[in-house]
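Asks: First the structure, which I've put down as structure tokens, then a few questions once you've had a look.
The values are calculated or read from the model by the stated rules, or taken from the named source; none is laboratory data. All values reported here derive from a predicted model rather than from experimental measurement. Quick reminder, even Gly has a Cβ in these numbers, built from the backbone with ideal geometry, and neighbours come from all protein chains shown.
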Amino acid sequence: MFFKHVYDETLAQGSYVIGCQATGEAIVIDAQRDIDVYLEIAKKNNLTIKYITETHIHADYLCGSRELATVTGAEMYLSDEGGEGWLYEFAHKGLKDGDVIKVGNLTLDVMHTPGHTPESISFILTDHPASSQPVMAFTGDFVFVGDIGRPDLLEEAAGIVGTKRIGAEQMYDSIQRFAKLPDHIQVWPAHGAGSACGKSLGAVPSSTIGYEKISNWAFQYKNDKEGFIDYLLMDQPEPPRYFAMMKYLNKVDRPLRVQVPQIPQLTTNQFLTAFNNGLKVIDTREKEDYLQLHIPNTINITGNKSFSTWCGWHLDYQEQFVLICKTEKIEELTRKLMRVGLDTNMYGFITESQMIEVSSELGFISADIVTAEEVKDKLNNNNTQILDVRNDVEFKSGHIANATHVFVGNLLKNLDKISKSKEVIIYCHSGQRAANAYSILAKAGFNNLKVFVGGSAQWSELGYEVKTEEVVLA
């Protein structure tokens with residue numbers, strides 16, 4: 001048997017290539033959208049991709065199954081579980097609980113595991129030349145290492161009211177059924193630590209059913225369904241705004257992108273025209289460089305592992321934008337944006353040296369940086385507002401006294417909570433989200449902003465007081 005785990009660190013997303021080396025057939029599970037990685041794996045290992053499948057309709061990335069099927073001619077096997085409203089709306093071979101996919105001498109038994117979503121399925125793999133016992137379970141967003149999939153995304157991200165309680169009940173039943181499988185079976189999920197598809201995903205890529213029954217909280221509620229549901233729905237992270245769009249695009253027929261697009265480098269005049277026409281400009285430099293000097297009205301989203309997620313939070317799928325980045329980074333950033341379906345919105349890019357050229361017309365500005373000591377001195381100043389832009393769980397676990405809490409992803413919906421008459425000091429954990437928040441508020445017309453780059457990490461290191469009670473938004 002051939003096995004390859006393909007892991008995208010930018011979205012903490014895992015996909016799989018499984019092949020029968022005797023027959024040369026392979027199947028890909030939960031493909032990412034830039035599909036050349038799978039074509040290369042197949043070519044290098046003398047495999048033909050004959051089958052493609054998914055564990056469910058994904059919400060956190062744009063799945064590349066259809067792109068891969070278009071290039072390879074492979075058959076797509078997708079869930080037909082979940083009932084009306086939860087079915088894929090394009091041609092595929094439907095899968096139901098108990099169905100079997102044969103890949104040479106391998107079989108993947110389909111197990112309907114609703115809870116995260118109604119149509120969710122898992123695949124139980126048996127390598128028949130080696131054993132008649134199953135060896136692996138590909139669980140998608142059902143069971144992670146140390147956690148399970150959240151059932152609230154359909155309600156919180158897609159706005160389908162009343163689904164999270166139903167999903168939690170289904171998840172409980174699915175867990176009880178899954179726990180009856182042999183302990184030795186390996187668990188290979190669709191996501192790892194850092195994904196917003198759960199709240200405490202482990203950093204280890206795989207586990208076993210037996211180990212999860214010992215260590216995973218979800219398997220400890222054998223006779224306490226209500227306790228399970230309460231804990232599952234408690235303190236889930238905010239779902240990124242783009243999740244609803246991914247859920248839609250992964251379900252319906254859509255235009256396909258089978259190659260990584262070439263994004264044009266704009267001339268100085270082209271950039272100035274785009275800028276003056278109101279196109280958003282995303283400055284992908286490090287926070288320190290951005291805060292020190294940047295073009296007015298640009299948004300700082302550093303081109304790191306979280307780039308695609310934060311672009312999904314802040315960019316609209318109906319608008320174009322321009323990137324400021326190094327030439328050697330443009331392909332990497334394009335791939336990241338492909339994975340959340342924002343590649344077609346890229347109007348072009350300019351380099352950092354071009355940024356200096358256009359500054360002669362647009363100017364440069366710097367952010368005001370404050371120290372922890374300066375923040376401490378202003379805690380009781382009526383003319384200062386301390387703004388914490390971390391997520392809910394972080395804020396509840398400890399924040400600066402009297403801080404106003406508005407998560408950075410929801411800033412534009414809560415501008416009325418930010419003072420325009422007071423000095424506003426922005427902080428997060430280590431400065432990255434604070435720089436992002438600063439750029440968003442500055443573009444929205446706030447001009448008395450300061451950034452505490454050290455954030456809650458430095459505040460705690462210095463032993464300054466933190467509050468843990470929940471504070472009502474001011």
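Asks: What is the residue count in region 175-205 for residues that are more than 18 Å from residue 108 (Cα to Cα), of a type in the set (S, T, N, Q) and at pLDDT 80 or above?
Replies: 1
Asks: Further question on the same structure: Quick one: residue 433 ticks every box in (1) charged (D, E, K, R); (2) closer than 19 Å to residue 287 by Cα; (3) surrounded by fewer than 16 Cβ atoms within 10 Å (Cβ to Cβ) bar one, so which box is it?
Replies: Residue 433 satisfies all of (1) charged (D, E, K, R); (2) closer than 19 Å to residue 287 by Cα; (3) surrounded by fewer than 16 Cβ atoms within 10 Å (Cβ to Cβ) except (3).
Asks: Just to be sure I understand, how many residues within region 266-303 are without any contact (Cβ under 8 Å) to a residue 12 or more places away in the chain and either in a loop (DSSP other than H, G, I, E, B) or of a type in the set (Phe, Trp, Tyr) (or both)?
Replies: Qualifying residue count for the region: 3.
Asks: Within region 316-337, how many residues turn out to be in contact (Cβ under 8 Å) with a residue 60 or more places away in the chain, part of a loop (DSSP other than H, G, I, E, B) and in contact with a Lys or Arg (Cβ under 9 Å, 6 or more places away or on another chain)?
Replies: Number of matching residues: 0.
Asks: Tell me yes or no: at least one residue of region 226-237 is in a loop (DSSP other than H, G, I, E, B) and aromatic (Phe, Trp, Tyr). Spell out the reasoning first.
Replies: Of the residues in region 226-237, the ones in a loop (DSSP other than H, G, I, E, B) are 234-237.
From what is left, the residues that are aromatic (Phe, Trp, Tyr) are none.
Looking through region 226-237, none of the residues is in a loop (DSSP other than H, G, I, E, B) and aromatic (Phe, Trp, Tyr).
Asks: If we scan region 55-66, do we find a residue that is over 23 Å from residue 241 (Cβ atoms), in the same structural domain as residue 105 (by TED's automatic domain parsing) and not polar (S, T, N, Q)?
Replies: Checked region 55-66: at least one residue is over 23 Å from residue 241 (Cβ atoms), in the same structural domain as residue 105 (by TED's automatic domain parsing) and not polar (S, T, N, Q).
Asks: Here's something else I'd like to know. State the number of residues belonging to region 338-356 that are under 20 Å from residue 274 (Cα atoms) and in a helix (DSSP H, G or I).
Replies: Qualifying residue count, region 338-356: 8.
Asks: Next question, about the same structure. Give me the residue from region 405-430 that is within 17 Å of residue 393 (Cα to Cα) and of a type outside the set (A, V, I, L, M) and, out of that set, surrounded by the most Cβ atoms within 10 Å (Cβ to Cβ).
Replies: The selected residue is 427.
Asks: Another question about this same structure. For region 185-201, indicate whether the set of residues that are in the same structural domain as residue 79 (by TED's automatic domain parsing) and more than 22 Å from the chain's Cα centre (by Cα) is non-empty.
Replies: Yes: one or more hits.
Asks: In addition: Among the residues of region 1-28, write down those that are under 18 Å from residue 201 (Cβ atoms) and hydrophobic (A, V, I, L, M, F, W, C).
Replies: Step one: filter region 1-28 for residues under 18 Å from residue 201 (Cβ atoms), giving 5-16.
Scanning region 1-28 gives 6, 11, 12.
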